[in-house]
1. Which count do you get for residues in segment 185-233 that are more than 40 Å from the chain's Cα centre (by Cα) and part of a loop (DSSP other than H, G, I, E, B)?
2. Could you run through segment 49-67 and say how many residues are buried (at least 20 other Cβ atoms within 10 Å of the Cβ) and of a type outside the set (S, T, N, Q)?
3. Just checking, which of Leu216, Leu208, Leu234, Leu285 is out of contact with any Leu (no Cβ under 6 Å at 6 or more places or on another chain), farther than 29 Å from Phe60 by Cα and surrounded by 20 or more Cβ atoms within 10 Å (Cβ to Cβ)?
4. Return yes when Glu458 is over 23 Å from Asn642 (Cα atoms) and either touching a residue at least 40 places away in the same chain (Cβ under 8 Å) or surrounded by fewer than 23 Cβ atoms within 10 Å (Cβ to Cβ) (or both) and no when it is not.
5. Between a first residue in segment 304-319 that is in contact (Cβ under 8 Å) with a residue 24 or more places away in the chain and a second residue that is loosely packed, with under 15 Cβ neighbours inside 10 Å, which pairs have beta carbons less than 9 Å apart while being 6 or more apart in sequence or on different chains?
6. Within segment 29-48, can one find any residue that is on the phi > 0 side of the Ramachandran plot and either in the same structural domain as Pro502 (by TED's automatic domain parsing) or surrounded by fewer than 20 Cβ atoms within 10 Å (Cβ to Cβ) (or both)?
7. Looking for whichever is under 23 Å from the mean Cα position of the chain (by Cα), assigned by TED's automatic domain parsing to the domain that holds Ser249, surrounded by 20 or more Cβ atoms within 10 Å (Cβ to Cβ) and hydroxyl-bearing (Ser, Thr, Tyr) here; the options are Tyr88, Tyr102, Tyr110. Which one fits?
8. Testing Leu679 on (1) closer than 18 Å to Lys652 by Cβ; (2) at pLDDT 85 or above, one condition comes back false. Which one is that?
Amino acid sequence: MQKQFKFYSLAVCALILLVGAYWNHFDNPFHFDDAHTIQNNDAIHSLKNIPSFFTDATTFSSLPANQIYRPGVTTLNAIDFWLGGELYPVPNTFHKSIFITYILLGILLYFLFLKLFNDSFENKWNKYFALFGATFFAVHTANAETVNYIISRSDSFSTLMIVLSLLIYLYKPNWRKKCIYFIPIILGFFVKEPTIMVTPLIFIYILLYVKELPILKWFTAKGIKEGFSVAMSLIPLFILVILLILMSSKMASETFVPGGASRYEYILSQPFVIVHYFNNFLLPLNLCADTDWLPIANIYDDRVIAGSFFILALIGTAAFCSTKKMLYPITFGICWFLLALLPTSVIPLSEVLNDHRTFFPYIGLVMASAWALGLIAIRLQQTIETKIQYKFILLLIPVLLLCAHAYGTRQRNKVWSSGEALWFDVVTKSPNNGRGLMNYGLAKMGNKDYAAALDYFERAKKILPYYSYLYINMGVLKGAMGNQVEAEANFKQAQSLNAGNPECYYFYANWLRSQGRFNEAFEIISQGVKVSPTHSGNKMLYNELMAIAANEVNQLQIAEQNAKTKPSVDAYISLSLMYYQKQLYEKCIEASNEALKIDPNCVAAYNNICSANNILGNYDEAISAGQQAIKIDPNYELAKNNLADGLARKEKEETALAIVKKEPTEANYINLSLVYYNLGRFQKCADAATMALTVNPKSEAAYNNICSAYNMIQLWDKAIEAGEAGLKLNPNNQLLQNNLAVSKKGKAGN
């Protein structure tokens, strides 16, 4: 009874340590992919949508390119949204829910470790070794990367299901024929695909623990025969895995775009990535939410060689330990670590490494290290039981290790406590990470430190010159700094780079609304809703602009009637502004000219004429009107801005035209088409790109610009024709894929 009390007391202390380690993380905000899967994902706003999660992969994310089939994690997000009880997702609710499952995982790990330890060598201290292992995993500092990153609940929950499936298989052998252990695998797979890695784990468990075959004998005639026998016994499990993979592949959204570049270079980089993960297990001082590691192109790179030797050393250690039953948990733990990393090591992902990917693999290293320390204690058992100082040391070492990791976890929680803290940590550890620089600049912009924000954005642009999010944020920054011309140019550039990104439409439309250009804003946001119907920000802004548009119809009729029955300067200026907002630019100019007939010195009329002609591309008329406005009122800032806009537009167009006239090359025509695109002259953009095709009929960039331009003026058939023609030249052109997806969605919506 006293021994039981001692064990339960230690278990309670372990739980208190775990809760204390994470006590400061519950109010940490959303980060990274939380934005498009939770914050901006309208699909999770109602529990009634849950059935659709299992039939429609587009509900997973508001970003079309990220719409992978993971209905389980979307269901968990919807439940936590509902539990939050607000009109918007509450991070605290999500963190509490995730932490409860994390505690449950720790409990299950205890029973898993205990079973594996006892099956290797029974000892009265095994339950303490298992408790240490479960606690070690639970407070390990590296796991804070997964626990704090809310959408990474996919990793923690799928791992919970893997462990539950193994426990059912190990503790309930009579249930195996009934396939009860399949249930957690199915549930986990709906949350994240690597759940199927439970299959090779069970296979290796049988070979090692049941057949008692050392690794080197797996490749002998007897080992192959035994392996075939084991595989035949697991045929139902293999069939389940195949069916799940086929279903996931079939259910994937058409817009989903897998990340990663060269598979060869990605795989070459993984051996040294595994060294990094192992180092972080031993001493987690290099944790980073977003690293700047790049793929390795040279097979003879020192990192490839060092990493390969390290993996061979791990395999050699596992093989040696497999020769003695007492060392089986070390062998199984190393195999677990390497197998769990296999999916992210051979399937190219957007980033070469992520420190939150080690959540599932680290269970193997914890298992191996906890048992290794346990074996040392067993070897010294008699001495420890007779000498109190040794007993004190036996207790002190694990306590210090666990407390050190708990402290480290609290420190990582602080890093994740705000965008500024997280991205400062990223840019400090990964100074060549363009996304990290951009996000730290975004945090600076949130604090109204515009100069610092601009500096970080410019540094990021050198690394990621074609990153649409960077231009979105640059547009927001330029708008906040009062440079509206550059703001709009950046918003348009973002759209040009990734027309399938709904954030481009939201922020551009929001900026247009702030400029009083409601009709243009409505047109842009309408495109955004077609690109991503589940983007909550786009839907909300669309509804707001719909209400404004409905009200404007009545206001326009009243304004026209007032100008007709009671003609005055104010009446015509008001009417010209409404025409401008509805993109009726010629009528805007006509109304302004009527105002000038009454008052030839009406500065507002000249300003409106200048602004409307800028949009129409009549730059000489725009400049003339702007100059006249400033002549009348030198302090009229709006006219100054519109005049500057007209001069800048004219210079850009004339410069590009002069270059083309001098050297009519493909590159110069492409540049001219981009200039027209940024100026909002989309038909001319398409025309210039078409001229590029006369120079080079195989120009992917030309087809992309034509497709993007026709998308903007909703000539869907022409856009689709151009997009498909470009993809015939290069099926892997990401920009063309994105623009064609917008075209097809646009046509389907009409």
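1. Residues in segment 185-233 being more than 40 Å from the chain's Cα centre (by Cα) and part of a loop (DSSP other than H, G, I, E, B): 5 in total.
2. Residues in segment 49-67 being buried (at least 20 other Cβ atoms within 10 Å of the Cβ) and of a type outside the set (S, T, N, Q): 6 in total.
3. Leu208
4. When the stated conditions are applied, Glu458 passes them.
5. Pairs that qualify, where the first residue is in contact (Cβ under 8 Å) with a residue 24 or more places away in the chain and the partner is loosely packed, with under 15 Cβ neighbours inside 10 Å, are Val304/Asn298; Ala319/Leu216.
6. yes
7. After applying the criteria, what remains is Tyr102.
8. Against the list (1) closer than 18 Å to Lys652 by Cβ; (2) at pLDDT 85 or above, Leu679 comes up short only on (2).
The values are calculated or read from the model by the stated rules, or taken from the named source; none is laboratory data. Treat the numbers as computed from the prediction; the structure is a model and nothing was measured. Positions of Cβ are backbone-derived with ideal geometry, glycine not excepted, and every protein chain shown enters the neighbour counts.
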